[in-house]
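Asker: Once you've had a glance at the structure underneath, I'll fire off some questions.
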Amino acid sequence: MTGMDQVIAHVCGHSQLHYLHGFASQQDRKARWLETTKCRTCFAMDRQGEQIANVTRDDATIAHLVLPQLSGSDRQIAWATKIRTERLSAILTEAAERHVKACTDCLSITEAKWWIDHRNLSATDLINKIQASPSLIDTKAVAALMSDTCPTIRAGSSS
């Protein structure tokens, strides 16, 4: 079992040096697989493009909401803002009435730490967590935060 450097021609047309280790058959299999993938640079650029597209989509999805300022450290706020945007977008994308109400409940949660602590929850689990903790929801704050440009959300919050 040895390792060796091998130049791989990727599907994107770029060549890249890879260190392949293991038995010869493992190295051959890995080399064949690498030939079917993009080089690191192209992969990273594609990934960055996807992330930008996702952020743009999420921002557009929640653009009608008036989001309160989060509290916490500057780093917490920056991270939690991204998480909150992704989560609210996921909730709004699922068009069920329950989710619209949950989105309005989310608007009253202003602690950056809460968003960071719950960042890995699915939209459904996030909704369940919020609705299981009514002390988190400030209904007066939610009503005050609702945008006049979103009748769907207002309708969901009045029922």
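The values are calculated or read from the model by the stated rules, or taken from the named source; none is laboratory data. Everything numeric here is computed off the predicted structure, so don't read it as measured data. Counting neighbours? That spans all protein chains shown, and the Cβs are built from the backbone with ideal geometry, glycine included.
Asker: Would it be correct to say that residue 117 is among the acidic types (Asp, Glu), exposed (fewer than 12 other Cβ atoms within 10 Å of the Cβ) and either farther than 30 Å from residue 11 by Cα or at pLDDT 75 or above (or both)? If you could, list the steps in order and put the result at the bottom.
Answerer: Details: among the acidic types (Asp, Glu): yes; exposed (fewer than 12 other Cβ atoms within 10 Å of the Cβ): no; either farther than 30 Å from residue 11 by Cα or at pLDDT 75 or above (or both): yes.
Answer is no for this residue.
Asker: Follow-up question, since we're still on this one. I'm checking my understanding of the structure. Among residues of segment 13-66 that are assigned to a loop (DSSP other than H, G, I, E, B) and touching a strand residue (DSSP E or B) at 6+ places or on another chain (Cβ under 7 Å), which one is surrounded by the fewest Cβ atoms within 10 Å (Cβ to Cβ)? Talk me through it step by step, then tell me what you get.
Answerer: Initially, segment 13-66 is screened for residues assigned to a loop (DSSP other than H, G, I, E, B), giving 13-14, 23, 35-39, 62-66.
Then keep just the ones that are touching a strand residue (DSSP E or B) at 6+ places or on another chain (Cβ under 7 Å); that gives 35, 39.
Values: 35: 11, 39: 19.
By that ranking, first place goes to 35.
Asker: What pairs can you find where one residue is in segment 32-49 and farther than 12 Å from residue 13 by Cα and outside the structural domain of residue 12 (by TED's automatic domain parsing), the other is surrounded by 14 or more Cβ atoms within 10 Å (Cβ to Cβ) and among the hydrophobic types (A, V, I, L, M, F, W, C), and their Cβ atoms are less than 9 Å apart, with a gap of 6+ or different chains?
Answerer: Between residues of segment 32-49 that are farther than 12 Å from residue 13 by Cα and outside the structural domain of residue 12 (by TED's automatic domain parsing) and residues that are surrounded by 14 or more Cβ atoms within 10 Å (Cβ to Cβ) and among the hydrophobic types (A, V, I, L, M, F, W, C), the close pairs are 43/12.
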